[in-house]
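The values are calculated or read from the model by the stated rules, or taken from the named source; none is laboratory data. Just so it is clear, the structure is predicted and the values come from calculations on it, not from any experiment. Quick reminder, even Gly has a Cβ in these numbers, built from the backbone with ideal geometry, and neighbours come from all protein chains shown.
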């Protein structure tokens, strides 16, 4: 039984389809391991009892043609799940039980998967270390007191720690790729418009995109195939021809042109990151692809642009949490007093900081200087990529400027925390797909990731490149189960 | 008519002031479902029964534009002779209120769906053109109910998310009468188009009124005050009158007018300050990232143009040309689409030998009187256009007299009866047989010999007496024209 949780999604699906394992076997194994892993604090809410019932029901009449037959899966607590509490990592939604299901989770259950529970994350997905969650820090399975990254920290920790075979996160500025990199797993942020945002608690609407997080590229491709559907309920969902990502997955990337952007060689970047990147370039060449030096001249403006656009949208998106209709409500003398107390008590410090930044940059007199200018720069950043893609098929960069850091190390230094997203935010601003794959370890033995950025709607291409590199890299995550007593 | 005589001016000592008015009309789009959700828009439902997860702003819910509302707005734009913008943008207007679940209203700020246009008003002293600045689409808020409980406010979200068109006029209006004509014209156009029912009692049409005053002849505008959310024409007129006089008084006292938002208190008939310019909300408008810019093609607009019915101005022109009506009569008939429809149906049913003038007189006279007394709309008329046409034809072809027709009409009201049948059943047919009438008149002259002699001696007034006697003897059924002719001959 202990072997079960070590299996990849692809293996589990095969074993269930070949009837070597039942859904109940698999579900039980992940529940047991999850129960032993409470120190990771990966879950906010578990749904184990109901998961076992669903697994048993599945086994009574198994539909083995489904893509995720009887596979148990925990998801980030940003996805609304019908009748299961959905908190977005916030006190303000601590009592919120949706009566509806997000399109993405709906797609997942429709393919036979079973909800294990809801995974911890930074409050409203605002954070890069999972430390802003109202429900506490998440431990990185790699080492004690190490952050798993964020905002999809619980998701990354749960996959790396084998509490769930696979999961979904959301990525507004790097929230899938950075924690994937910190925990030695694969994380894909799809093209904006590829996966429906319906039923996902919004952070920054023009940047938010959900995507898969997995132990390997093939699992990642399979889940992407399930979650990416056109959804008329999301006006920004795009109706394009979607590939059968897992079936069409190939290691043949001969002749592909991979761009290496010089602007990603930032000041003060540790040598081990530079070394990793060089190794990555070699792997790509070993696979028969060609690397080309390119320039993305506006890269250095991406982070400040992001920290105007995202808080601006967030300040408006989070206005609905006012204590009137649902969620936390503080007692107040009058309406305004109730608003102020509810939002001061219900939101954490980082969320309040971003609401204030966002409110400021949209205020009359500042709008042109900040928000409008940021929108213009955003266009320039997108143009950089469009220019580059005239010459190359994909772009290779490090995923993060460092490996995972200690819990508490950057809590009081928001700017240093924001710098974590330096390589990931340009991708969100341009609406492009990006995947992080584990590519090596730093001197402390912590995982490091490489990011492959693709053209819009070209998920298949970056999955293929990642698939080819994965074989060459042959990464092994060093999980010691230190948290299991 | 002398233009000067009809000018609306406020007089103080030696000074005369002109009033400048601009309106922001909020017209509810006639649509089954809301602007960004599929909830019903029906008026008067139980509180909070027409609310979707989108309307109540649940986490993760997203707006999806209702194409029908877009069509309605474009049609209205066409009806206002306005420029249709092929690209428009939905923005968020951010503010907190208990009946605004999202914490923002989705509206259009910089790029509205409809640009500049104009409407023509028929004023007693001639036509007046009023410029339209823009028309944009936006969501309505819910309703806060403060008077159901001493401690709590209740919120009804049925209206939350209902589509509104905000129609902004240029500051072209100069009097309460022009405001009256303008609102009525807008309502008329939208009712013709079927884009707004114009029902002010149900709040389907309400306006923010911008008022300023300036010395007569001045080219510069004065400082304006905005009177929020006035929901009847009468109140608009009262509010303007009060507000204009208030502003003039301030100027006369040497004080300045503060630009501010005011409320009209309908009980006290006065406007009161709501918030000053300094306290004005900073709405932090920005494009709604949940919605892509709205783009409509030339073809889409053209198809809607083909769908536009004959509008009041064109209909009026046609009525004058085709039916030889006076502009005044045509105006009355076209101002309400249902009146125009009724009239046109009557005309059609009257057939070849028709008397349109007579029909118009009867519609604006007898029919309107009945509708008024019973407080009915013409669409609810107790007499159908078909039977109304028959009645007019009975008068026209001499079957009944106008006087008898009034009796017949009274009887028709109860159950939309066929006037032909009433005339037959009650024996009300006009007596037009000259021999029978001659006998009748001979008898009357014989009975009133003295009066007949007086008449012949020159007391011509007595002619009426004989007509009356003859009509009376015939039970009112005698053909009055024949009576006249025969009497003249016999006397």
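Details
- Residue A:2 vs. criteria in contact with a helix residue (DSSP H, G or I) (Cβ under 8 Å, 6 or more places away or on another chain) and at pLDDT below 95: yes
Residue-by-condition table, conditions (1) surrounded by 22 or more Cβ atoms within 10 Å (Cβ to Cβ); (2) modelled with pLDDT under 95; (3) not assigned by TED's automatic domain parsing to the domain that holds residue B:293:
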{"site": "B:31", "(1), (2), (3)": "no, no, no"}
{"site": "B:42", "(1), (2), (3)": "no, yes, no"}
{"site": "B:50", "(1), (2), (3)": "yes, no, no"}
{"site": "B:56", "(1), (2), (3)": "yes, no, no"}
{"site": "B:64", "(1), (2), (3)": "no, no, no"}
{"site": "B:68", "(1), (2), (3)": "no, no, no"}
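- Test result for residue B:103, at pLDDT 95 or above, on the phi > 0 side of the Ramachandran plot and touching a helix residue (DSSP H, G or I) at 6+ places or on another chain (Cβ under 9 Å): yes
- The sole residue among A:416, A:399 that is more than 14 Å from chain B (Cβ to nearest Cβ) and buried (at least 21 other Cβ atoms within 10 Å of the Cβ) is A:399.
Conditions (1) under 26 Å from residue B:308 (Cβ atoms); (2) in contact with a strand residue (DSSP E or B) (Cβ under 9 Å, 6 or more places away or on another chain); (3) in contact (Cβ under 8 Å) with a residue 40 or more places away in the chain, marked per residue:
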position	(1), (2), (3)
B:31	yes, yes, yes
B:35	yes, yes, yes
B:38	no, no, no
B:45	no, no, yes
B:50	no, yes, yes
B:56	no, no, yes
B:60	no, yes, no
B:69	yes, yes, yes
B:75	yes, no, yes
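- Residue A:31 in contact with a helix residue (DSSP H, G or I) (Cβ under 9 Å, 6 or more places away or on another chain), closer than 23 Å to residue A:224 by Cβ and buried (at least 18 other Cβ atoms within 10 Å of the Cβ): no
- Between A:196, A:181, A:228, A:235, the distinction of being within 14 Å of chain B (Cβ to nearest Cβ) and surrounded by 24 or more Cβ atoms within 10 Å (Cβ to Cβ) belongs to A:196 only.
- Residue A:301 meets each of the listed conditions (1) more than 14 Å from every other protein chain (Cβ to nearest Cβ); (2) at pLDDT 95 or above; (3) surrounded by fewer than 21 Cβ atoms within 10 Å (Cβ to Cβ); (4) more than 20 Å from residue A:418 (Cα to Cα) apart from (4).
- All conditions but one from (1) crowded, with 18+ Cβ neighbours inside 10 Å; (2) at pLDDT 95 or above; (3) within 29 Å of residue B:44 (Cβ to Cβ) apply to residue B:211; the one that does not is (3).
- Where helices (runs of 4 or more DSSP H) fall wholly inside segment A:291-405, the ranges with 1 or more residues that are within 25 Å of residue B:58 (Cα to Cα), without any contact (Cβ under 8 Å) to a residue 12 or more places away in the chain and out of contact with any strand residue (DSSP E or B) (no Cβ under 9 Å at 6 or more places or on another chain) are A:335-346, A:349-362.
- Checking each residue in segment A:34-51 for being assigned to a helix (DSSP H, G or I) and surrounded by 18 or more Cβ atoms within 10 Å (Cβ to Cβ) picks out A:34, A:40, A:48, A:51.
- Residue in segment A:92-100 that is modelled with pLDDT of 95 or more and either at positive phi or away from every other protein chain (no Cβ under 14 Å) (or both) present: no
- When segment A:73-85 is filtered for residues that are surrounded by fewer than 24 Cβ atoms within 10 Å (Cβ to Cβ) and within 11 Å of chain B (Cβ to nearest Cβ), only A:81 remains.
- Where strands (runs of 3 or more DSSP E) sit wholly within segment B:1-98, those with at least 3 residues that are within 14 Å of chain A (Cβ to nearest Cβ) occupy B:91-94.
- Enumeration of residues in segment B:319-343 that are in a loop (DSSP other than H, G, I, E, B) and either free of Cβ contacts under 8 Å to residues at least 24 places away in the same chain or over 16 Å from residue B:188 (Cβ atoms) (or both): B:324, B:325, B:326
- Residue within segment B:194-206 that is touching a helix residue (DSSP H, G or I) at 6+ places or on another chain (Cβ under 6 Å) and part of a helix (DSSP H, G or I) present: no
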